[in-house]
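Enquirer: Have a look at this one.
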């Protein structure tokens, strides 16, 4: 935690919800609140909420929104020669001004390693994932011979569902021409994200991309290569840990899910969502700050905003 802030000040500084005077109520996602500022522009507030197992935790993580938003900005700038993206400006650490796009209802998941959902599928005996055949003889966290694309449908409620590329086209979710562009861009984005991560001593294990159309042009939206959309391993020691069958050291939200499971919570019916102790909330903050520094090469400097709603009103009224 920065020496500029006490622990209590940091814990009390969390942005859980915003209400911007003079602007229509936002769409509230798990983490982001999206305000429509005009026909072509959105004001996106990245809060300090954190979710796991499709549940929003009761307690927030100090400055998480600022880290996530600035990490997304850093990563968007790294790929803007590959594809247009929705980011227009970041006038405040918690705020992105973005193009209002028509979302494409497919989560484009890229995987470089047999980890997470891919491993659970593999471990069950299945060798097909979203229409992609996975090789025999792999161990958890082994790299695939080449990265694979494993899409999912975007659910308005509940869990996203795996879908094959063949079924995306068969169901007419997107045209063959558009899907071909999405596919091409996803592989290029994953290659760039992997390159940026490796330069900083990390491995980009898997990630998801979301796309939309802005004035008919394919556009990268939401976020890119952040901890909330991606999983990273530490490059140093990866081969040795893999050879010994040891768990990989990773930077992702997985540690939050593991902590919740230790408390007996996996989002199943009848289970009670536990409170996040203050000590653990600070541990989560430190994880996010560490990833920010690892990926950007810069130390995260928190900004305390005593009245976020008033500040948002000042910013948004420039666009309304």
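Enquirer: Please go through segment 302-320 and pick out each residue that is touching a helix residue (DSSP H, G or I) at 6+ places or on another chain (Cβ under 9 Å) and either surrounded by fewer than 12 Cβ atoms within 10 Å (Cβ to Cβ) or within 23 Å of residue 37 (Cβ to Cβ) (or both).
Expert: Result: 303, 305.
Enquirer: Which of the numbered conditions does residue 68 fail, given that it passes all the others? Conditions: (1) touching a residue at least 40 places away in the same chain (Cβ under 8 Å); (2) under 17 Å from residue 310 (Cα atoms).
Expert: The one condition residue 68 does not meet is (2).
Enquirer: Still on this structure, I have one more. Does residue 145 count as modelled with pLDDT of 95 or more, more than 22 Å from the chain's Cα centre (by Cα), more than 30 Å from residue 300 (Cα to Cα) and assigned to a strand (DSSP E or B)?
Expert: It is true that residue 145 is modelled with pLDDT of 95 or more, more than 22 Å from the chain's Cα centre (by Cα), more than 30 Å from residue 300 (Cα to Cα) and assigned to a strand (DSSP E or B).
Enquirer: Show me the strands (runs of 3 or more DSSP E) found entirely inside segment 168-245 where at least 1 residues are more than 17 Å from the chain's Cα centre (by Cα), modelled with pLDDT of 95 or more and within 20 Å of residue 99 (Cβ to Cβ).
Expert: Answer list for segment 168-245: 202-214, 217-221.
Enquirer: Which of (1) crowded, with 17+ Cβ neighbours inside 10 Å; (2) under 24 Å from residue 88 (Cα atoms) is the odd one out, the single condition residue 168 does not satisfy?
Expert: (2)
Enquirer: Could you list, in sequence order, the residues of segment 278-320 that are part of a helix (DSSP H, G or I) and farther than 27 Å from residue 257 by Cα?
Expert: Result: 308, 309, 310, 311, 312, 313, 314, 315, 316.
Enquirer: Read through the list (1) in a loop (DSSP other than H, G, I, E, B); (2) closer than 30 Å to residue 45 by Cβ, then give the number of the only condition that residue 136 fails.
Expert: In the conditions (1) in a loop (DSSP other than H, G, I, E, B); (2) closer than 30 Å to residue 45 by Cβ, residue 136 misses (2) alone.
Enquirer: Now for a different question. What single numbered condition from (1) surrounded by fewer than 13 Cβ atoms within 10 Å (Cβ to Cβ); (2) assigned to a loop (DSSP other than H, G, I, E, B) fails to hold for residue 258?
Expert: Every listed condition holds for residue 258 apart from (2).
Enquirer: Continuing with the same structure: I'd like the full set of residues that are in contact with a strand residue (DSSP E or B) (Cβ under 8 Å, 6 or more places away or on another chain) and either surrounded by fewer than 19 Cβ atoms within 10 Å (Cβ to Cβ) or farther than 22 Å from residue 17 by Cβ (or both), limited to segment 58-76.
Expert: Correct list: 73, 76.
The values are calculated or read from the model by the stated rules, or taken from the named source; none is laboratory data. All of these numbers come straight from a predicted model, not from anything done at the bench. No Cβ is skipped: glycine too gets one built from the backbone with ideal geometry, and neighbour counts run over all protein chains shown.
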